[in-house]
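The values are calculated or read from the model by the stated rules, or taken from the named source; none is laboratory data. Model, not experiment: these values are computed from the prediction. With ideal geometry, Cβ positions are generated from the backbone for all residues, glycine too; neighbour counts draw on all protein chains shown. Ligands, DNA and RNA are stripped out before the accessible areas are found, and what is left, the full protein with its side chains, is counted by its heavy atoms. Shrake-Rupley method; radii C 1.70, N 1.55, O 1.52, S 1.80 Å.
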Amino acid sequence: KVKCDGVEYEAGRILVAAGGWTAGLLKLPENVLIPQRVPVHWFDVGNNPVYSLGNFPVNFWQIPVGEDEALTYREFYSLPTTSRKPLVKAAFHNGLAPCDPKFLDSNVSQVEVDAIKTVLSQYIQGLSDQHVESEVCLYTMTTDGDFYLGKIPATKNIYGVALAGHGFKFAPVLGELLADLLTDTEPDFVLDTFSPRRFMS
C-alpha cells in the first residue's frame, strides 16, 4: 500500500523509481544510493547549424585536472541542438556534490557557470561565448557507478531502480527489463551486475 496526498494505492508489487528520493523511500543505508546536485547549462547558439543534430556529435570528455585536485580527471559532456530549441546542453558528470533532495539548493552560482565555460573554451570552440541558462538537477549515484536495479533484499514484492546519472539513454530497454522483473518473466539479459544484493554487507 502506498499513501500519497491522502490517497491510498494498493498493488501486488511496487517499483520505486523516485530519483533522489528513492533511498529515503526504501529506507536504504546512506552509502547505497547517493543523491548528487548537478548544475546543468544550456548555451543559446541561435540558428548556427554547426551545433545542430547531425552536425555536432553527442560528446563526452575526460580531461586532466591539476595535481592538487581530489579527482584524477574531470568529465563533462555536451549535446547538440534539436529542431525544437537552439540550445546546446553541457554539464559536468563527475566531481559533483552529494545533497539532500529535500533541501536542494536550486541556484546555480556564477562560479559554476564559469567552470563549465572554462572547459568549453578549451575544448569546444565558440560555445562558451554564447548566452547561457542554467538550472540544477539530480543524479542518484551508486558507489560503483552502475545501475541499481531489482528486488530489494529481504522483501517479497518491492523493487527499486536508480540509474547512476546515465540511465536516460537506456530508458526503452530498462523499461522492458523492469516490466519483466515485475511479471516474473526471465529478462533477455543477466542483471546480476545491477542487483541491489551487491550492497549487502
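Positive contributions from Lys and Arg (+1) and negative ones from Asp and Glu (-1), summed over other residues with Cβ under 15 Å from the Cβ of Pro98, come out at -1.
Accessible area ranking (1.4 Å probe, heavy atoms, ligands and nucleic acids excluded), largest first, for Thr81, Thr193: Thr193, Thr81. Computed from point charges on the beta carbon alone (+1 for Lys and Arg, -1 for Asp and Glu), the dipole magnitude for the stretch 81-129 about its Cα centre is near 300 Debye. What's the angle, to the nearest 10 degrees (0 to 90), between helix 171-182's Cα axis and the longest principal axis of the chain? For 171-182 against the chain, the angle is about 10 degrees.
Taking the Cα centre of the stretch 125-201 as origin, work out the dipole magnitude from +1 charges on Lys and Arg Cβ and -1 charges on Asp and Glu Cβ, in debye rounded to 20.
Numbers: 5 positive and 11 negative charges, 76 e Å.
Taking the Cα centre of the stretch 125-201 as origin, the dipole is about 360 debye.
A value for mean projected area of the Cα convex hull in nm² was derived from the coordinates, and within the list [x] 11.6; [y] 13.0; [z] 14.5 it appears as [z]. Solvent exposure of the stretch 122-201, expressed per residue, is 61 Å² of accessible area, with all protein chains present and a 1.4 angstrom probe.
Using a simple spin-label model with pseudo-atoms 7 Å out from Cα toward Cβ, Ala171 and Leu191 lie 1.9 nm apart. Within the chain, the longest run free of trypsin sites (Lys or Arg not before Pro) that sit in a DSSP loop with at most 11 other Cβ atoms within 10 Å is 85-155. By the scheme Lys and Arg +1, Asp and Glu -1, what is the net charge of all other residues having a beta-carbon under 15 Å from that of Phe76? Charge balance near Phe76 sits at -1.
Per residue, the stretch 1-99 exposes 64 Å² of solvent-accessible protein surface, assessed with a 1.4 angstrom probe and all protein chains in place. Against the main long axis of the alpha-carbon atoms of the chain, helix 110-123 sits at an angle near 70°.
Give me the percent of accessible area attributable to carbon and sulfur for the chain, probe 1.4 angstrom.
On the way: 6770 of 12650 Å².
Its accessible area is 54 percent carbon and sulfur atoms.
GNM remark for the chain: springs join alpha carbons under 10 Å apart, and the peak mean-square fluctuation among Val88, Val119, Val50 falls on Val50.
Cross-link pairs exceeding 24 Å between alpha carbons, from the set Lys3/Lys156; Lys102/Lys156; Lys89/Lys151; Lys85/Lys117; Lys3/Lys169; Lys27/Lys102: Lys102/Lys156; Lys89/Lys151; Lys3/Lys169.
Centroid-to-centroid, using Cα positions, the stretch 123-201 and the stretch 25-78 are 16 Å apart.
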